[in-house]
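Worksheet: the structure to be examined is printed underneath.
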Amino acid sequence: MGVLSNLEPAEVFQYFEEICKIPHPSYKEKKLSDYCVAFAQAQGLEVHQDDLGNVIIIKEATAGYETVEPLIIQGHLDMVCEKEPGCQLDFEKDGLCLSVEGDYITAQGTTLGGDDGIAVAMAMAILASDTLAHPRIEAVFTVSEEVGMEGAASIDLSPLKGHKVLNLDSEEEGFLLTSCAGGCRANITLPVSFETRQGILYDVSVSGLTGGHSGVEIDKGRANANLVMGRLLMTLESAVDCSVVSLSGGLKDNAIPREAAATLLVAEQDADRMEALIRETEKAIQCEYAVTEPSLQIGFANKGADTAEALSAASRRKVITLLNLLPGGIQSMSANIKGLVETSLNLGILVLHGKELEMHYAVRSSVQSAKEFLVEKLQNLTEMLGGSLTTEGNYPAWEYRQDSVLRETMVRVYREMYGKEPVIQAIHAGVECGLLAGKIEDMDAVSIGPDMVGIHTTEEKLSISSTKRVWEYVTEVIRQK
């Protein structure tokens, strides 16, 4: 028996557990894509799979629904793959280790992939049902959503007949998402040079941070481990004779990094002073983030006297300057929607290797011109220090639709089922509806999903009871004529 076999709705959790057994990181979704195709074939359904691994599955309307407009149900196949230090799981080979803790499903030591495995599971349960009355269902499963929505950008939607899209990539029950920010990845490369130096070698780490989704949780006041490390290096550079041997932090541009590490080489006479400065900086930053980052730590370990290749003085200065002058976090709030972040960026990946420093940002804005200006600012500052910037994964914002029939239907059904109004929401994170709008004429879309917490982190949890309620709600929406 499976870990989730006793949970309701059984049909949804059956498919979700099967999905979790199949490795599906971004760019490695082939096995899950093939699983979806095999599922469709076994059900006798029309199925399309492209070279990237995007999948479209179509189930014709049940009796009495032949003239009802088709409904597109959409989610993505890939997941953000983060794991705790020491976790041996290989995301490209191993399935997840699921566990149930009260009302929540978690994965031991890793992200869960409820974002967006639960969408695929719900869609498969709908397609497999022989009792649910429904119009023509057009299920669209995309790849590489978490790394720039590349699947949605490339997918051919010509097999579809509908223009109503129910996107299942949200994480808060009772909220109907109706617009979102656009974004891109900004990749910075800074050439550096090294020189042979002698001194005391130290391993320095930033750890214990909360992390989180760089869109949804950018407004929570959480620290970015890469920026904390940059600040520490700036403090040390101004006071002691030390240089950088190695530097790294973060794994995904769209996840707020929880950890960063550096190896430093310090002159012997400055070792005690450097240790004191690290302690002082740790204390100051802990005070600043006492509420949002109660477990923040800056640690160090003296590795003894050694000779190593370290950044030259000029390169060290450029690296530290770039880390501290480039903007980070929230840049502006929306003037139209109270409490909504308009423009932000997140330094998700920092790595020094070979002869280059690489910095990878997730840039987001609900205003196209603001996004473009922020990227231009990054580029200008980078080029002043001799670096270069490229962008990829550009996706547009999803604009609010005033005359949404789907939204009105979903509000009415929610009110009838629960006796209260759902929250109509715009978010700073990106969903694929913006890209789909360019492919589906007159698109009418709403995004919903069950309660999840800690997405894109190893603390990710999916609510069992919320999943059940959202399933009941989605199937009732589907029954509407």
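The values are calculated or read from the model by the stated rules, or taken from the named source; none is laboratory data. Given the structure is predicted, the values throughout are model-derived calculations rather than measurements. Positions of Cβ are backbone-derived with ideal geometry, glycine not excepted, and every protein chain shown enters the neighbour counts. Note: areas computed on protein heavy atoms with side chains; ligands, DNA, RNA excluded. Shrake-Rupley method; radii C 1.70, N 1.55, O 1.52, S 1.80 Å.
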Would you check if there is a residue in the stretch 53-70 being touching a His at 6+ places or on another chain (Cβ under 9 Å), more than 26 Å from SER99 (Cα to Cα), in contact (Cβ under 8 Å) with a residue 12 or more places away in the chain and open to solvent by 60 Å² or more (accessible area, probe 1.4 Å)?
-> yes
If you take the residues in the stretch 111-137 that are hydroxyl-bearing (Ser, Thr, Tyr) and surrounded by fewer than 24 Cβ atoms within 10 Å (Cβ to Cβ), which one is nearest to VAL55 (Cα to Cα)?
-> SER129
Determine which single condition VAL100 fails, assuming it passes every other condition in (1) surrounded by 17 or more Cβ atoms within 10 Å (Cβ to Cβ); (2) of a type outside the set (Lys, Arg); (3) in contact (Cβ under 8 Å) with a residue 24 or more places away in the chain.
-> (1)
Matching residues, the stretch 229-259, being touching a strand residue (DSSP E or B) at 6+ places or on another chain (Cβ under 8 Å), hydrophobic (A, V, I, L, M, F, W, C), open to solvent by 10 Å² or more (accessible area, probe 1.4 Å) and not in a strand (DSSP E or B) = VAL240, LEU251
Qualifying positions in the stretch 422-431 - modelled with pLDDT under 95 and in a loop (DSSP other than H, G, I, E, B) = HIS428, ALA429, GLY430, VAL431
Odd one out for ALA261 among (1) modelled with pLDDT under 95; (2) closer than 18 Å to GLY348 by Cβ = (1)
Where a residue in the stretch 224-249 is over 14 Å from THR281 (Cβ atoms) and its partner, wherever it lies, is assigned to a helix (DSSP H, G or I) and among the basic types (Lys, Arg), with Cβ under 8 Å and at least six apart = SER243/ARG316; VAL244/ARG316
Output the number of the condition that THR343 fails; it satisfies all remaining conditions of (1) over 30 Å from ALA310 (Cα atoms); (2) open to solvent by 40 Å² or more (accessible area, probe 1.4 Å).
-> (2)
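Do we find that THR382 is under 20 Å from LEU435 (Cβ atoms), hydroxyl-bearing (Ser, Thr, Tyr) and open to solvent by less than 80 Å² (accessible area, probe 1.4 Å) in this structure?
no
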Within the stretch 358-369, is there a residue that is in contact with a helix residue (DSSP H, G or I) (Cβ under 7 Å, 6 or more places away or on another chain) and under 17 Å from LEU233 (Cβ atoms)?
-> no
Residues in the stretch 281-301: is at least one open to solvent by 10 Å² or more (accessible area, probe 1.4 Å) and in contact with a Cys (Cβ under 9 Å, 6 or more places away or on another chain)?
-> no
What strands (runs of 3 or more DSSP E), lying completely within the stretch 334-421, carry at least 3 residues that are within 16 Å of ASN324 (Cα to Cα)?
-> 341-353, 356-365
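Return a yes/no flag: does the stretch 305-312 have any residue that is over 24 Å from PRO191 (Cα atoms) and either modelled with pLDDT of 95 or more or under 25 Å from the mean Cα position of the chain (by Cα) (or both). It would help to see each step written out before you state the result.
Here is the first cut: in the stretch 305-312, the residues over 24 Å from PRO191 (Cα atoms) are 305-306.
Filter once more, keeping what is either modelled with pLDDT of 95 or more or under 25 Å from the mean Cα position of the chain (by Cα) (or both): 305-306.
Yes - at least one qualifying residue is present in the stretch 305-312.
Would you pick out the residues in the stretch 438-481 that are open to solvent by less than 50 Å² (accessible area, probe 1.4 Å) and part of a helix (DSSP H, G or I)?
ILE464, SER465, SER466, THR467, VAL470, TRP471, TYR473, VAL474, THR475, VAL477, ILE478
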Evaluate the following for VAL423: is it surrounded by fewer than 20 Cβ atoms within 10 Å (Cβ to Cβ), among the aliphatic types (A, V, I, L, M) and touching a Lys or Arg at 6+ places or on another chain (Cβ under 6 Å)?
-> no
Return the pairs, sorted by first residue and then second, in which the second residue is part of a helix (DSSP H, G or I), the first residue lies in the stretch 453-473 and is under 14 Å from VAL12 (Cα atoms), the beta carbons are less than 6 Å apart, and the residues are 6+ apart or on different chains.
-> LEU462/GLY114; TRP471/VAL12
Matching residues, the stretch 261-280, being open to solvent by less than 60 Å² (accessible area, probe 1.4 Å) and in a helix (DSSP H, G or I) | ASP270, ALA271, MET274, GLU275, ALA276, LEU277, ILE278
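Just name the residue that is nearest to the chain's Cα centre (by Cα) out of those in the stretch 460-481 that are charged (D, E, K, R) and at pLDDT 95 or above.
Just the residues of the stretch 460-481 that are charged (D, E, K, R), to begin with: 460-461, 468-469, 472, 476, 479, 481.
Retained after the next criterion (residues that are at pLDDT 95 or above): 460-461, 468-469, 472, 476, 479.
Values: GLU460: 12, LYS461: 14, LYS468: 24, ARG469: 24, GLU472: 27, GLU476: 29, ARG479: 32 Å.
Here the answer is GLU460.
Hey, does the stretch 15-31 have a residue that's in a loop (DSSP other than H, G, I, E, B), out of contact with any Gly (no Cβ under 8 Å at 6 or more places or on another chain) and within 20 Å of GLN74 (Cβ to Cβ)? Don't jump to the end; show me each part of the working.
The initial filter retains those residues of the stretch 15-31 that are in a loop (DSSP other than H, G, I, E, B), namely 22-24, 26-29.
Okay, now just the ones that are also out of contact with any Gly (no Cβ under 8 Å at 6 or more places or on another chain), so 26-28.
Narrowing further to those that are within 20 Å of GLN74 (Cβ to Cβ): 26-27.
Yes, the stretch 15-31 contains at least one residue that is in a loop (DSSP other than H, G, I, E, B), out of contact with any Gly (no Cβ under 8 Å at 6 or more places or on another chain) and within 20 Å of GLN74 (Cβ to Cβ).
Out of SER158, SER193, which single residue is touching a Ser or Thr at 6+ places or on another chain (Cβ under 7 Å) and either under 26 Å from ASN336 (Cβ atoms) or open to solvent by 10 Å² or more (accessible area, probe 1.4 Å) (or both)? It would help to see each step written out before you state the result.
On the way: SER158 fails: touching a Ser or Thr at 6+ places or on another chain (Cβ under 7 Å).
Checking each option against the conditions leaves just SER193.
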